[in-house]
Number of protein chains: 2
Amino acid sequence: MRYDGRLSRMLHVLIHMARHEGAATSDLIAQMLNTNPVVVRRTMAGLREQGYVHSEKGHGGGWTLGRRLEEMTLLDIYRAVGEPPVFAVGPACDRPECLVEQAVNSALADAFAEAEKLLLERFAHVTLADIAADFDNRMARHPALVGHAGSGCAS
Amino acid sequence: MRYDGRLSRMLHVLIHMARHEGAATSDLIAQMLNTNPVVVRRTMAGLREQGYVHSEKGHGGGWTLGRRLEEMTLLDIYRAVGEPPVFAVGPACDRPECLVEQAVNSALADAFAEAEKLLLERFAHVTLADIAADFDNRMARHPALVGHAGSGCAS
DNA sequence: AGAGTTTGTAACTTTGCTTGTTGCATAAGG
DNA sequence: CCTTATGCAACAAGCAAAGTTACAAACTCT
């Protein structure tokens, strides 16, 4: 099962935008994300509704930040992309009336709820500025490695 | 994104098997899970390899437990169904060489690793016997509600 | 031995979701 | 008024999980 990379992508974009002079077009962002502009608009629409970004039409238009990086947490962005389900594993619902199934799902739900709580608490304590600072560290340490550094990607 | 219900289903089946006299056929199990016998065999194959169940061909054949419920934890079964990815959200890998993307993914990976650790630790401390005991409680409290009780299913 | 059951497995089909694509309307700027 | 952008809807493509079909292998019982 393929996972949802929207949160990661939007964080990626927002930090780039903070370092970018003026508005960033959907086309430019699409190149950053190796995708196409329509998908960018679709995804960014959620962020716009929450005021994290603005969009302008016409010449010189595009996307701009609605807040500073210090004022956005991972939790904010997670919610803005629609609070997608955190877990790829979950309860089955084949025989909703079966008490065995209910007991199983209850045990699983307890464990997942606890893990989700921990995760979201952590999300709430990390700002985009924290990530940008980490980026600056990486930049300072490995300026020559851009284009070659291992990334840990599965692909 | 639809989640993976295999863990839940296998737990469901194993507890039923413990209460069942003799071997349970794939057909019977398929009815429990509201699916078909070939899918059952496919999924149970993983459990068989790990020794949690046995299968017998021919007359009177079918599936039997390879261990007592006290000797199986949620973690055991999670692993036996192939340790499917726990999370439905994850790092994107659109520009593996981009240091911003790397910083983002690193922040996310840390948070997810912590949550996964907590989850699996909890899985390790819950046996199938614990769930069966919870089932017994539900049975004692609501014997007349079978077939009507709300289940919390999203469906 | 033979009939009837049941698992094992491979190949194919179906289904649902995500992403990509196209087309056009709308708005801003020069 | 032409160019550049976003906004949005409708449709196509790709992919993975689940369902289906078909048949071989193995076991039991009479």
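How about the stretch B:97-109: which of its residues are under 15 Å from A:Gln31 (Cα atoms) and surrounded by 18 or more Cβ atoms within 10 Å (Cβ to Cβ)?
Correct list: B:Cys98, B:Val100, B:Glu101.
So which of B:Arg42, B:Arg48 is basic (Lys, Arg), loosely packed, with under 13 Cβ neighbours inside 10 Å, over 23 Å from B:Phe135 (Cα atoms) and within 12 Å of DNA strand C (Cβ to nearest atom)?
B:Arg42
Which condition breaks for B:Arg79 when tested against (1) touching a Cys at 6+ places or on another chain (Cβ under 8 Å); (2) assigned to a helix (DSSP H, G or I); (3) touching a residue at least 12 places away in the same chain (Cβ under 8 Å)?
In the conditions (1) touching a Cys at 6+ places or on another chain (Cβ under 8 Å); (2) assigned to a helix (DSSP H, G or I); (3) touching a residue at least 12 places away in the same chain (Cβ under 8 Å), B:Arg79 misses (1) alone.
Could you list, in sequence order, the residues of the stretch B:25-39 that are touching a helix residue (DSSP H, G or I) at 6+ places or on another chain (Cβ under 9 Å) and either near DNA strand C (Cβ under 7 Å from one of its atoms) or in a loop (DSSP other than H, G, I, E, B) (or both)?
B:Thr25, B:Ser26, B:Asp27, B:Thr35, B:Asn36, B:Pro37, B:Val38
Among A:Glu70, A:Glu83, A:Glu114, A:Glu56, which is surrounded by fewer than 18 Cβ atoms within 10 Å (Cβ to Cβ) and within 15 Å of DNA strand D (Cβ to nearest atom)?
That would be A:Glu56, the only listed residue that is surrounded by fewer than 18 Cβ atoms within 10 Å (Cβ to Cβ) and within 15 Å of DNA strand D (Cβ to nearest atom).
Take the residues in the stretch B:94-134 that are touching a residue at least 12 places away in the same chain (Cβ under 8 Å) and assigned to a loop (DSSP other than H, G, I, E, B), then tell me which one is farthest from the other protein chains (Cβ to nearest Cβ).
Once the filter is applied, the top-ranked residue is B:His125.
Looking at the stretch B:3-22, is at least one residue within 11 Å of DNA strand D (Cβ to nearest atom) and more than 9 Å from every other protein chain (Cβ to nearest Cβ)?
Yes, the stretch B:3-22 contains at least one residue that is within 11 Å of DNA strand D (Cβ to nearest atom) and more than 9 Å from every other protein chain (Cβ to nearest Cβ).
Laboratory data are not the source of any read-out in this text; all were calculated from the coordinates shown. Note that the coordinates shown come from a computational prediction; the quantities given were computed from them, not determined experimentally. Cβ coordinates were reconstructed from backbone atoms using ideal geometry, including for glycine residues, and neighbour counts include every protein chain displayed.
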